[in-house]
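Reading through the structure tokens given below for one structure.
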Amino acid sequence: MKVSYSNYGKYSSDNYGSHTLVFTDTNRNDFYFSYKTLVAFTYNNQKYVIQNLWSTTTGKHLNWIDGNNKKERLTKEAFEAKYFECFGTKLEAVA
């Protein structure tokens with residue numbers, strides 16, 4: 001499987017780019033990370049974003065991913081369940 005990656009967000013320095021990585025698999029599903037934690041993914045062009053359980057910095061990352069659409073964010077349990085529904089595998093601990 002070929003996976004590509006890029007950065008999302010608006011950091012002015014590449015020093016912080018490693019904290020905002022998005023990986024795309026061959027099926028065009030995206031996996032967004034804040035630091036080393038999966039905080040959002042796409043499946044069949046639908047984006048799923050977890051509620052902020054962390055810091056204001058991760059909150060900023062989530063806003064970049066979903067355009068500050070906080071009302072659509074999933075609880076930790078719902079996020080993990082949706083991941084399993086989409087990919088058929090359990091997501092390791094989110095937080």
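Each residue in the range 20-49 was checked for being part of a strand (DSSP E or B) and either of a type in the set (A, V, I, L, M) or modelled with pLDDT under 90 (or both), and 7 of them qualify.
Within the range 5-16, being at pLDDT 65 or above and either surrounded by 10 or more Cβ atoms within 10 Å (Cβ to Cβ) or assigned to a helix (DSSP H, G or I) (or both) holds for Tyr5, Ser6, Asn7, Tyr8, Gly9.
When the range 71-93 is filtered for residues that are over 11 Å from Val49 (Cα atoms) and out of contact with any Phe, Trp or Tyr (no Cβ under 9 Å at 6 or more places or on another chain), the ones remaining, listed by number, are Glu77, Ala81, Phe84, Gly88, Glu92, Ala93. Scanning the range 32-49 for residues being within 13 Å of Phe87 (Cα to Cα) and of a type in the set (Val, Ile, Thr) gives a total of 1. Scanning the range 39-93 for residues that are surrounded by 15 or more Cβ atoms within 10 Å (Cβ to Cβ) and either in contact (Cβ under 8 Å) with a residue 60 or more places away in the chain or of a type in the set (Val, Ile, Thr) (or both) yields Val39, Thr42, Val49, Ile50, Thr58, Ile65.
Taking the criterion of being outside any loop (DSSP other than H, G, I, E, B), of a type in the set (A, V, I, L, M, F, W, C) and closer than 19 Å to His19 by Cβ, the residues of the range 51-95 that qualify are Leu62, Trp64, Ile65.
The values are calculated or read from the model by the stated rules, or taken from the named source; none is laboratory data. Here the structure is a predicted model, which is why all the values come from computation and not from measurement. We place every Cβ from the backbone using ideal geometry, glycine too, and count neighbours over all the protein chains shown.
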